[in-house]
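Where a number appears in this text, it was derived from the coordinates with a stated rule and is not lab data. This is a predicted model, so every value here is computed, not measured. Heads up, the Cβs are rebuilt from the backbone with ideal geometry, glycines too, and the neighbour counts pull from every protein chain shown.
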Amino acid sequence: MISAELKAVILKQLNLDDFNLQDDTIAPQVPGWDSLNHINIIVEVEHKFGVKFKSRELLQLKCVGDLQKLVDSKLGK
Amino acid sequence: MFNINLQYIWDLLKYNPSDPLIFSTSLFLFLFLFFLVFYNLFGKNKMVRLALLIVFSLYFYYKSAGYYAGILVVSAVVNFFFAKFIASTENFTWKRIHLALAVLLNIGILGYFKYTNFIMQIIAEMNKAQFEPLSIFLPIGISFYTFKSLNYVFDVYLDNMEPTNSFRDFCVYVFFFPNLLMGPIDRASEFLPQVQKELYLSKEDLGKATLLIIAGLFKKVVIADYISLNFVDRIFDFPLRYTGIENLLAIYGYALQIYCDFSGYTDMAIGVALFLSFKLMDNFNSPFKATSIADFWRRWHISLSKWLLDYLFKPMQFSMRSLRIWANVIAIFITFVICGLWHGGAWNFIIWGALHGFMMSFSLLVQKPKQALYKLLRINDTKFLRFFQVVITFHLIAASFIIFRTNDMQVIKDMFSQIFDFFHVEVFLQFAEKLPIILGLMLLGYVLHFMPAKIENGFRKFFVALPWFIQAILLVTVIWIAAQFKSADITPFIYFQF
């Protein structure tokens with residue numbers, strides 16, 4: 001389940017009003033989420049949640065659900 | 001008499017560096033059919049079938065690289081065990097050390113064979129000393145299979161896949177002859193599970209494989225080889241002897257030639273692999289239909305660009321992410337310089353890569369004002385805009401291929417000076433009259449290339465639905481046509497040297 005906060009950060013970066021983000025949603029399914037824009041989303045997520053990811057953790061992300069899990073694990077949830 | 005024949009057969013089958021076993025030779029066709037019979041005879045016995053595949057693949061490489069085929073075995077051993085070490089420890093420092101050692105060994109071997117002379121030349125030039133190149137043999141396809149093996153180690157390091165426990169399966173992956181010399185640079189995570197599968201070929205796969213071989217042969221032998229030998233090479237050799245229009249047509253011709261040459265070979269590779277019941281990844285998707293340079297790289301040599309994206313660009317991009325857009329700009333530029341260098345140790349490849357890196361970085365920096373301008377002119381998302389984007393992108397790509405083709409800056413200067421100062425459009429009529437086959441083939445090549453995907457898919461479905469004997473007749477017909485077009489000895493595939 002994607003949290004409302006994470007969804008808001010992603011949609012804001014992509015200039016989208018709404019998009020049905022599911023756990024298994026992958027970047028190419030979301031308009032504007034390409035490998036270049038990805039970096040803006042990651043930096044914003046780090047900033048918003050006050051966390052720091054390792055490069056290896058970022059390279060392992062496959063879908064939005066993975067990003068949610070990574071954020072949760074950093075926040076000790 | 002009998003002895004002479006045996007000697008002839010031995011000469012034909014033994015290692016010959018000037019005669020690699022490429023898919024468009026009759027020797028390959030003959031050996032492959034022979035191999036296919038045994039491969040299917042032992043279809044149910046996986047052990048024997050895979051052993052046959054390994055032995056045939058090693059022979060295939062021996063035929064082109066001689067005893068340097070041993071590098072393949074070294075590559076398989078090194079990467080199999082390093083991936084095992086990486087997966088066997090939970091300690092990240094150890095994982096990283098093993099990864100670094102594996103990369104060092106792989107790139108070290110590749111670097112020695114491919115870049116030693118280039119590096120020595122640069123050092124000699126810096127010291128203003130005389131440069132005597134060392135005689136280092138370049139084993140063909142080394143860049144392809146080094147990158148193929150490395151993706152396995154990277155994916156195990158990133159936990160994208162479990163390492164295989166079977167050295168035999170891993171050897172099938174590394175040695176696999178269809179993609180050994182010129183890709184596609186397949187992913188271990190996609191390929192290894194297929195080694196375990198039973199031999200099965202549906203009617204649809206059989207039709208697809210036949211069509212891929214037909215298309216590949218046609219592109220390579222009929223279009224690429226013919227226009228290269230009879231037109232493109234001549235202009236590139238002496239551009240000043242020809243008018244601007246002929247130089248321009250040669251640039252268009254070379255773009256088509258390199259595409260048909262390379263994609264034709266990978267079409268055949270994918271088709272040959274499919275006959276063995278293996279599905280390889282797509283490598284081309286009508287690249288000249290691209291609307292931007294970035295789009296071109298999503299359509300051209302996809303297996304390499306995806307490799308560079310996943311294992312080079314992204315790690316760099318993430319590690320510099322605090323720089324935001326500049327992280328993208330810097331990572332793109334470095335990735336493409338390395339992409340150029342991957343093609344060969346020469347300045348023209350580096351400049352070619354840097355040029356693509358520059359064009360993509362520049363386009364990234366002006367993306368926002370560009371979009372705003374399109375909106376202002378009310379042309380965003382219109383066919384009109386897409387048409388111009390395709391035309392401009394194609395010309396940038398075709399121009400960049402000139403640097404790819406020649407290391408001689410004077411040739412490039414001469415070609416452009418002819419185009420801008422000595423165009424003579426009226427010569428086109430003479431050209432069409434004197435070289436109707438060249439013009440016809442170029443037109444055919446581009447028309448087929450720009451064919452809407454719908455029509456292409458429709459034709460594929462139609463071909464697959466044909467009875468097998470009609471497909472076989474069509475295949476034999478194209479082989480016959482290809483044989484007619486082989487006006488001279490087979491020219492090596494452009495991408496071999498990489």
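Estimated from the Cβ-Cβ distance and a Förster radius of 60 angstrom, the FRET efficiency linking A:Met1 and B:Leu240 is about 0.30. Treating r as the C-beta distance of B:Thr93 and A:Leu75 and R0 as 35 Å, the FRET efficiency rounds to 0.85.
With label points built 7 Å along Cα→Cβ from the Cα atoms of A:Asn37 and B:Val103, find their separation and express it in nm. A separation of 2.9 nm, rounded to one decimal place. Taking a point 7 angstrom from the Cα of B:Tyr15 along the C-beta vector, which residues in region B:58-77 have backbone N less than 13 Å away? Answer for this model: B:59-73. Distance between the C-alpha centres of region B:342-382 and region B:103-149: 30 Å, rounded to the whole angstrom.
Please list the equivalent ellipsoid semi-axes of the protein assembly as shown, computed as the square roots of five times the alpha-carbon gyration tensor eigenvalues, in descending order and whole angstrom. Don't jump to the answer; show the numbers that get you there.
Working: eigenvalues 289, 219, 135 Å².
Largest first, the protein assembly as shown gives 38, 33, 26 Å.
Could you tell me whether region B:74-189 comes out rounded, prolate or oblate from its Cα gyration tensor? Rule is a ≥ b ≥ c as square roots of the eigenvalues, rounded for a/c under 1.5, then prolate if a/b exceeds b/c, otherwise oblate. Numbers along the way, then the final one.
Working: a/c = 3.18, a/b = 1.70, b/c = 1.87.
The shape class here is oblate.
Computed from the C-beta positions of B:Ile455 and B:Leu201 and an R0 of 25 Å, the FRET efficiency is 0.40 to the nearest 0.05. Per-residue Karplus couplings for region B:73-81, computed as 6.51 cos²θ - 1.76 cosθ + 1.60 with θ equal to phi - 60°, are listed in order as 5, 4, 4, 5, 5, 4, 6, 4, 6 Hz, Gly and Pro entered as x. At q = 0.18, 0.27 Å⁻¹ the log10 of I(q)/I(0) for region B:12-69 amounts to -0.63, -1.07, computed by Debye summation with a single uniform scatterer per C-alpha, solvent ignored.
So what is the calculated 222 nm ellipticity per residue for the protein assembly as shown, using -39500 (n - 2.57) for each DSSP H run with n of 4 or more, over all residues, to the nearest 500 deg cm²/dmol? Display every interim value, and only then the final one.
Working: 27 runs with 383 residues, N = 575.
Theoretical 222 nm ellipticity from helices: -21500 deg cm²/dmol.
Computed over Cα pairs, the Kirkwood radius of chain B leads via Stokes-Einstein (0.692 mPa s, 37 °C) to a diffusion coefficient of 133 µm² per second.
A P(r) calculated from all alpha carbon pairs of region B:301-362, with 10 Å bins opening at zero, reads 26, 52, 21, 1 percent.
If I stretch the segment between B:Leu376 and B:Leu323 completely, what's the gain in nm (0.36 nm per residue apart, minus their alpha carbon distance), one decimal? Mind dumping the intermediate values first?
On the way: separation 53, 0.36 × 53 = 19.08 nm, distance 3.00 nm.
Fully extending the segment from B:Leu376 to B:Leu323 adds 16.1 nm.
Straight-line reach only, C-alpha to C-alpha below 14 angstrom: list the aspartates and glutamates that A:Lys48 could link to, leaving out same-chain residues fewer than 8 apart. Within reach: A:Glu5, A:Asp72.
Mean silhouette area of region B:180-335, derived from the convex hull of its C-alpha atoms and averaged over all directions, reads 12.3 nm². Which shape class applies to region A:4-74: rounded if a/c is under 1.5, otherwise prolate when a/b exceeds b/c and oblate if not, where a ≥ b ≥ c are the square roots of the Cα gyration tensor eigenvalues? In terms of gyration-tensor shape, rounded. Exceeding 27 Å between C-alpha atoms, which entries from my cross-link table qualify? They are A:Lys62/B:Lys203; B:Lys208/B:Lys454; B:Lys219/B:Lys454; A:Lys74/B:Lys370; A:Lys12/B:Lys95. Long pairs (Cα-Cα over 27 Å): A:Lys62/B:Lys203; A:Lys74/B:Lys370; A:Lys12/B:Lys95. Note that region B:42-54 has calculated 3J(HN,Hα) couplings of 9, x, 8, 9, 4, 4, 5, 4, 6, 4, 4, 5, 5 Hz, one per residue in order, obtained from phi through the Karplus relation 6.51 cos²θ - 1.76 cosθ + 1.60 (θ = phi - 60°); glycine and proline are x.
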